Amino acid sequence: MSQQNLVPLATPLREHYDVVIVGAGIAGALIAKRLAAKGNHVLILEAGRSTSVTPDGYQSYVENFYAALAKGTNAPYPENPNAPTSLTEIGPLPFGSNYVRAKGGTTMHWLGISLRMCPNDFRMKSLYGVGVDWPFGYDEMSDYYGQAELVVGVSADVEDQAYHGIHFPKGYVYPMHKVPVSYLDQVTSQRLNGMRFKFGQETYDISLTSVPQARNSMPNAKYDGGKGYRPVGAAGNPEHGRRCEGNSSCIPICPVQAKYSALKTLAAIPASHCHILTQAVASQVTLDGNGRVSGIQYKVYQDESSGQHTVHTARGTLYVIAAHAIETARLLLASPNVCRGSGELGRNLMDHPMPVAWGLMPQNIGACRGPGTTSGIESLRDGEFRRQFAAFRMDYSNWGWQFATGSPYSDVTAAVAKGAFGKKLRDHLASTLPRQLFIDFLLEQLPDPGNTVTVNPQNVDPLGNPAPLINYDIDEYTRKGFVNAFKFKDALFKRLGVKDCTAGQPMFSAPVECDGQMFYYYGAGHVVGTHRMGSAASESVVNLKQRAWEHDNLYLAGCGNMRTIATSNPTLTMAALSLWAADNIQTDLEKRRRA
Amino acid sequence: MPPIHPMEQFLNLSAVLTGFNKVELQEAGVGREYLNLLVEMAGDTLCFELWAETQAIYAKHPGHPARLEREVNQRILKNPKYAALARNIILVWYNAIWYQLPPDWTAPRGANALDQDQVVSAKAYPEALIWRAIGAHPPGAKPQGFAAWAMRPDGAEAPAPSARPKARGGKA
């Protein structure tokens, strides 16, 4: 596969590309593929490794995961000192999220949830008086959402997804039918039937909804006017992974690549039009005398355990930074005079703070089988209550309490410590663990200029690149959301007959005090907002075309462009925006060629 | 005393301790790896004594599972000399993780640098018996197949519900 896309470091690169892209993750890959298909010559600079491009390399990731004691989001992906992801925290609260710097980017470890934003999410200020509006609405995004659902390969049923005003063109279907919902979804859905919940003066119908996901399911023969859809298999191994096999390890790695990752898009780009240079860390965006980007300076290393490197410059007609919301901000902040006009660069960092809860169902619900989640409660993603506090969505986990308690291993150690052994131990585990129910809430955050990514030139990695400093807090609006999410949790557990076992601080979570009570949250890895788009240069970093206001040959791509995070997992929205950016870049290139 | 075969006695003891029979344990294919690990962590002498004790218990109660359990509990699990090792034998089979031995076990014997919490190996990881005990499978290995997660699990009493989640949201 993309062996051919991997330019050996010794090979001289082109002197000039049509487009130079920083970052071989999903945003960079989607833009590169679309532009290469139009005949442009594209260079991608990737800071991390290309391990994943060979079947053996990918398998080494799987084996790293097997052998890791702590099976966190980056367990398969070895630390790389020259492309570090360790964040220096300088704020009041811990920022719980991380990312991947390697070919494929953070789609290597994402879950794959591919929700659209709700129409009201684009109009928070005008509807609810909080946050900001987007410079366009759902209707302008709708077509690009459809394109994004194709390129990442989303499995979902339209009839399940039309809620809170989300609508689809007549006759639209997703490329694949929804991923079958888990047994525990089926059991709990039956019990939820008819549940209502009151927030303020409003009463909301509560139901469980299948979750759209970039995971191969059964193709829908009605897709694209009856042309159907062919599931995309593993990068370089296309017969592999064309159906989810239920490996139950989407985070941190799908062993068969039934889950979308940017590797699939990268593998599909013709090598004739796209060079991908790995272990090439962009270190500075340089400007010419007219404020236009003159090149991307990057540092190439051979050995990641040494800071030894060589310095090069890539040049193109247009430049795209698509390095992840934190890394893009970091790179631009490390580049003098780039995107500084509005003062917004590096601000408005958002995530979904994610509190969790767990309990035991009265019966066996078959926990620890299947994709991470197959259904969620979307009923409280929007409503009048958003004037007062954060909206949220709630996922059921299909993986029992693993995330918070280290179950099932911790359940074994606890039982053995109490003296259990033999048949009794086995029976005890068999009769309790399959009853484990686990839920998480994704709470929206509003853009807060005080939540920042900054750099300190004194604080550098072995290549001399400044490390990002994170100043993160959770405001009252979202803290009230915690309190209300847990009120909902209590009602839900009561309805389901769940014995609530939520207690103490879940593993690796962070505490936050809300209304006098202590809550615990994780980061969701949904890092948004550090270089937002807008319709005024005074309050945004990029314009509607996702082009930097101050540098007419520089585009920014990724979740950093999003003005609000709302409640949906952001990748699909970011993918849609990236495809839109690619079209804008193509138009720009054509205009320049004519000129 | 008949000759002692460590692997045989390790499996005999493991079967009583885990509640998985010897055939199930052998199917996992990691017995030798675990036995070697145990010897590495606890030393030849102590392990040999443990196998001798196991052999004696088995010789006394051939074919009496309840009596075997009782004797193993009294003479091994509740014996300070073997207790920590026996618990680790249970844990390594269930979790494929070696847990650092407790300080009261290590103190009189001296610390072993290898004795740290660790997944035994990438090969052993998928063989953790806990997944089998709960009708699941190790994350990232031995997948149950497309849509298996939607099926009623073995051992669930209720018939598979017919309800499917419906899309609905917003205000009532």
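The values are calculated or read from the model by the stated rules, or taken from the named source; none is laboratory data. A quick note: this is a predicted structure, and the numbers were derived from the prediction, not measured. Don't worry about glycine lacking a Cβ; one is built from the backbone with ideal geometry, like all the others, and counts go over all protein chains shown.
What residue, among those in segment A:79-124 that are of a type in the set (Val, Ile, Thr) and assigned to a helix (DSSP H, G or I), is farthest from A:Ala214 (Cα to Cα)? Among residues in segment A:79-124 that are of a type in the set (Val, Ile, Thr) and assigned to a helix (DSSP H, G or I), the one farthest from A:Ala214 (Cα to Cα) is A:Thr106.
Of (1) in contact (Cβ under 8 Å) with a residue 60 or more places away in the chain; (2) under 30 Å from A:Phe122 (Cβ atoms); (3) surrounded by fewer than 22 Cβ atoms within 10 Å (Cβ to Cβ), A:Ile206 satisfies all except one. Which? Here A:Ile206 meets the rest and fails (3). When the residues of segment B:113-136 are filtered to those that are at the interface with another protein chain (Cβ under 7 Å from one of its Cβ atoms) and part of a loop (DSSP other than H, G, I, E, B), the one that is farthest from A:Cys368 (Cα to Cα) is B:Asp117.
Where residues in segment A:393-440 are under 27 Å from A:Pro353 (Cα atoms) and of a type in the set (S, T, N, Q), which of them is farthest from the other protein chains (Cβ to nearest Cβ)? This residue is A:Thr405.
Taking the criterion of being closer than 29 Å to B:Pro2 by Cα and either away from every other protein chain (no Cβ under 14 Å) or more than 19 Å from the chain's Cα centre (by Cα) (or both), the residues of segment B:80-108 that qualify are B:Pro80, B:Lys81. Within segment A:145-172, the set of residues being in contact with a helix residue (DSSP H, G or I) (Cβ under 9 Å, 6 or more places away or on another chain), farther than 21 Å from A:Glu378 by Cβ and surrounded by fewer than 20 Cβ atoms within 10 Å (Cβ to Cβ) comprises A:Gln147, A:Leu150, A:Gly171. Among the residues making up segment A:563-587, those that are free of Cβ contacts under 8 Å to residues at least 60 places away in the same chain and within 16 Å of A:Ala322 (Cβ to Cβ) are A:Pro570, A:Asn584. Just checking, does segment A:195-207 include any residue being more than 10 Å from chain B (Cβ to nearest Cβ) and modelled with pLDDT of 95 or more? Taking every residue of segment A:195-207 in turn, at least one turns out to be more than 10 Å from chain B (Cβ to nearest Cβ) and modelled with pLDDT of 95 or more.
You will find that of A:Glu378, A:Glu384, A:Glu344, the residue that is among the acidic types (Asp, Glu) and over 17 Å from A:Ile565 (Cα atoms) is A:Glu384 and no other.
Residues in segment A:377-392 that are at the interface with chain B (Cβ under 10 Å from one of its Cβ atoms) and either part of a loop (DSSP other than H, G, I, E, B) or surrounded by 23 or more Cβ atoms within 10 Å (Cβ to Cβ) (or both): A:Ile377, A:Glu378, A:Ser379, A:Leu380, A:Arg381, A:Asp382, A:Gly383. Just one residue in the set A:Thr265, A:Thr328 is touching a His at 6+ places or on another chain (Cβ under 8 Å) and crowded, with 24+ Cβ neighbours inside 10 Å; that residue is A:Thr328.
With respect to B:Ala107, determine if the residue is among the aliphatic types (A, V, I, L, M) and at pLDDT 95 or above.
Spelling it out, it is not the case that B:Ala107 is among the aliphatic types (A, V, I, L, M) and at pLDDT 95 or above.
For segment A:457-467, the criterion of being surrounded by fewer than 24 Cβ atoms within 10 Å (Cβ to Cβ) and within 14 Å of chain B (Cβ to nearest Cβ) is met by no residue.
Answer yes or no as to whether B:Pro165 is at pLDDT below 95, surrounded by fewer than 18 Cβ atoms within 10 Å (Cβ to Cβ) and facing chain A (nearest Cβ under 7 Å).
no
A quick yes/no check of all residues on (1) assigned to a strand (DSSP E or B); (2) touching a helix residue (DSSP H, G or I) at 6+ places or on another chain (Cβ under 8 Å); (3) free of Cβ contacts under 8 Å to residues at least 40 places away in the same chain:
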{"residue": "A:Pro434", "(1), (2), (3)": "no, no, no"}
{"residue": "A:Leu437", "(1), (2), (3)": "yes, yes, no"}
{"residue": "A:Tyr477", "(1), (2), (3)": "no, no, no"}
{"residue": "A:Phe482", "(1), (2), (3)": "no, no, no"}
{"residue": "A:Phe488", "(1), (2), (3)": "no, no, no"}
{"residue": "A:Phe519", "(1), (2), (3)": "yes, yes, no"}
{"residue": "A:Gly525", "(1), (2), (3)": "no, yes, no"}
{"residue": "A:Ser538", "(1), (2), (3)": "no, no, no"}
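Residues in segment A:66-75 that are of a type outside the set (D, E, K, R) and within 18 Å of A:Phe508 (Cα to Cα) were compared, and the one that is farthest from the other protein chains (Cβ to nearest Cβ) is A:Asn74. Take the residues of segment B:137-146 that are within 18 Å of A:Ala70 (Cα to Cα) and of a type in the set (Gly, Ala, Ser): which is nearest to the other protein chains (Cβ to nearest Cβ)? Checking each candidate, the answer is B:Gly140.
Restricting attention to segment A:345-365, does a residue exist that is within 10 Å of chain B (Cβ to nearest Cβ) and either in contact with a strand residue (DSSP E or B) (Cβ under 7 Å, 6 or more places away or on another chain) or crowded, with 24+ Cβ neighbours inside 10 Å (or both)? Checking segment A:345-365: at least one residue is within 10 Å of chain B (Cβ to nearest Cβ) and either in contact with a strand residue (DSSP E or B) (Cβ under 7 Å, 6 or more places away or on another chain) or crowded, with 24+ Cβ neighbours inside 10 Å (or both). Within 14 Å of another protein chain (Cβ to nearest Cβ), over 24 Å from A:Ser207 (Cα atoms) and modelled with pLDDT of 95 or more, is that true of A:Leu150? Answer is no for this residue.
State all residues of segment A:293-338 that are hydroxyl-bearing (Ser, Thr, Tyr) and over 25 Å from the mean Cα position of the chain (by Cα); if no residue qualifies, say none. The answer is A:Ser294, A:Tyr298, A:Tyr301, A:Ser305, A:Ser306, A:Thr310, A:Thr313, A:Thr317, A:Ser335.
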